[in-house]
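Since the structure comes first, as structure tokens, the remarks are kept for the end.
The values are calculated or read from the model by the stated rules, or taken from the named source; none is laboratory data. Since the structure is predicted, the reported quantities are computational estimates derived from the model, not experimental observations. When we count neighbours, we look across all protein chains shown, and the Cβ atoms used for this are built from the backbone with ideal geometry, even at glycine. For the accessible areas, the whole protein counts, side chains as well, though only heavy atoms, and no ligand, DNA or RNA atoms are used. Shrake-Rupley method; radii C 1.70, N 1.55, O 1.52, S 1.80 Å.
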Amino acid sequence: MKHIVVLTGAGMSAESGLKTFRDANGLWEGHNVMEVASPEGFKANPELVFNFYNQRRAQLLTVKPNVAHYDLATLENNYKVTIITQNVDDLHERAGSNNVIHLHGELLKVRSIKNEALVKPWTTKLNLGDLDENGHQLRPHIVWFGEAVPMIDKAVEICNTADILLIIGTSMQVYPAASLMHYVPENTVTYFIDPNPSIADSKKVTVIKETATKGVKKFINLFENEI
């Protein structure tokens with residue numbers, strides 16, 4: 001059974017109504033990203049950070065997976081599929097994908113500030129004073145700028161076994177996630193779906209200049225006609 005490894009970014013969820021990570025001027029929902037997505041920002045103003053992620057969490061609960069999420073899930077009927085996502089939403093899982101690695105954390109989870117392994121599901125507001133069982137403050141289960149990416153080694157292992165690499169809705173310019181396409185075997189064919197692709201067609205890369213919903217359908221047609 002062929003192994004399809006899928007790397008997804010903000011463009012994967014944009015058509016579900018979730019805003020992309022940040023706009024051209026570097027702001028994220030009107031905030032400097034370092035104020036709301038760094039350990040320093042959290043230390044300086046934890047309530048601002050909590051409020052920011054509370055809004056993101058509430059928004060996530062109002063949206064649904066789009067067609068591209070569902071199309072990826074149906075690939076599991078005929079192939080081994082592993083999704084490695086930079087997104088912190090749960091839309092892949094809600095669409096039915098069973099093997100999802102979250103590089104940058106998960107919005108619907110929180111963790112202890114003293115014990116990274118103490119992670120718990122969370123769908124309501126998170127506030128100062130919400131503590132773990134040992135009395136330590138809980139924080140969003142998000143990988144902030146300047147923090148290690150715990151799942152990157154696992155992601156590299158997965159890419160090492162890819163027969164097909166499918167990249168959707170990411171510029172492949174944020175490291176270490178951007179490095180993953182270089183860890184697939186030499187004979188792995190790559191498909192790159194993005195309306196404004198940052199790489200060009202080549203012997204190894206087929207670029208599909210489309211949004212996620214249109215691009216995934218085109219990929220499935222191309223891929224299944226070639227095998």
Open item on the list: So I have (1) 17.1, 52; (2) 17.9, 57; (3) 15.8, 46, and one of them is Rg and Dmax of the Cα atoms in Å calculated from this model. Which one is it?
Closed with: (2)
Task: segment 68-165, dipole about Cα centre (Lys/Arg Cβ +1, Asp/Glu Cβ -1), debye to the nearest 20 - done: 240 debye
Task: Distance (nanometres) between label positions extended 7 Å along Cα→Cβ at GLU224 and ASN187 - done: 2.5 nm
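What is the antiparallel percent of DSSP beta bridges lying wholly in segment 72-177, to the nearest 5? Mind dumping the intermediate values first?
Numbers: 8 of 11 bridges.
About 75 percent, rounded to the nearest 5.
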- [ ] Using amide H atoms built 1.01 Å from N in the peptide plane, name the residues 5+ places from LYS109, or on other chains, whose amide H lies under 5 Å from its own.
- [x] TRP122, HIS141
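How big is the dipole moment of the chain about its Cα centre under a simple scheme where the beta carbon of each Lys and Arg is +1, that of each Asp and Glu is -1, and everything else is neutral? Debye, nearest 20, please. Don't skip to the end; give the middle numbers.
Details: 22 positive and 26 negative charges, 49 e Å.
Computed charge dipole of the chain: roughly 240 debye.
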TODO: Set Lys and Arg Cβ to +1 and Asp and Glu Cβ to -1, take the dipole of segment 133-214 about its Cα centre, and tell me which of VAL174, VAL156, SER202 lies farthest positive.
DONE: SER202
TODO: Among the aspartates and glutamates, select those whose C-alpha is under 17 Å from the C-alpha of LYS64, and discard any that sit fewer than 8 residues away in the same chain.
DONE: GLU15, ASP89, ASP90, GLU93, GLU106
- [ ] Could you give the size of the charge dipole of segment 56-100 about its Cα centre, using +1 on the Cβ of each K and R and -1 on the Cβ of each D and E, expressed in debye and rounded to the nearest 20?
- [x] 140 debye
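Quick check: residue separation of LYS80 and HIS136 times 0.36 nm, minus the Cα distance between them. What number comes out in nm? The partial results should precede the final answer.
Numbers: separation 56, 0.36 × 56 = 20.16 nm, distance 3.99 nm.
Extending this stretch completely gives an extra 16.2 nm.
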- [ ] Kindly list the residues of segment 95-116 that lie in the label zone of LEU61, defined by a backbone N under 17 Å from the point 7 Å along the Cα-to-C-beta vector.
- [x] 106-111
Open item on the list: Can you tell me the length gained on complete extension of the stretch LYS214 to ASN98, counting 0.36 nm per residue apart and subtracting the Cα distance?
Closed with: 39.5 nm
Open item on the list: Can you tell me, using C-alpha contacts under 8 Å and at least 6 residues apart, the relative contact order of the chain as a whole percent?
Closed with: 23 percent
Open item on the list: What is the sum of charges, Lys and Arg at +1 and Asp and Glu at -1, for the other residues whose Cβ falls under 15 Å from the Cβ of THR213?
Closed with: +1
- [ ] Can you find, among LEU126, VAL110, ILE83, the residue farthest towards the positive end of the dipole of segment 38-155? Put +1 on the C-beta of Lys and Arg, -1 on that of Asp and Glu.
- [x] LEU126
TODO: Enumerate the lysines that LYS114 could reach by cross-link, defined here as Cα to Cα under 18 Å, with residues fewer than 8 away along the same chain left out.
DONE: LYS43
- [ ] For every helix of n ≥ 4 consecutive DSSP H residues, a contribution of -39,500 (n - 2.57) applies; sum these over the chain, divide by its total residues, and give [θ] at 222 nm rounded to the nearest 500 deg cm²/dmol.
- [x] -8000 deg cm²/dmol
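Please work out the FRET efficiency for the pair ASN51 and VAL156, using the Cβ-Cβ distance as r and a Förster radius of 41 Å; give the result to the nearest 0.05.
Computed FRET efficiency for ASN51 and VAL156: 0.70.
Take peptides 177-183, 199-205, 99-105 and line them up by average Cβ neighbours within 10 Å, highest first, as a rough protection proxy.
Working: 177-183: 17.0, 199-205: 11.3, 99-105: 20.0.
My ranking of the peptides, most packed first, is 99-105, 177-183, 199-205.
Of all the accessible heavy-atom surface of segment 114-227, with the other protein chains kept in place and a 1.4 Å probe, what percent is carbon and sulfur? If you can, show how the numbers build up before the last one.
Details: 3280 of 6420 Å².
C and S atoms contribute 51 percent here.
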Open item on the list: Test of understanding: in a Gaussian network model of the chain with alpha carbons linked when under 10 Å, which of LYS64, LYS214, LYS120 would top the mean-square fluctuation ranking?
Closed with: LYS120
Open item on the list: Quick check for you: with a 1.4 Å probe and neighbouring chains kept, what is the accessible area per residue of the chain, in Å²?
Closed with: 50 Å²
Task: Label point 7 Å beyond Cα of LYS2 along Cβ direction - residues of segment 200-220 with amide nitrogen under 12 Å - done: 219-220
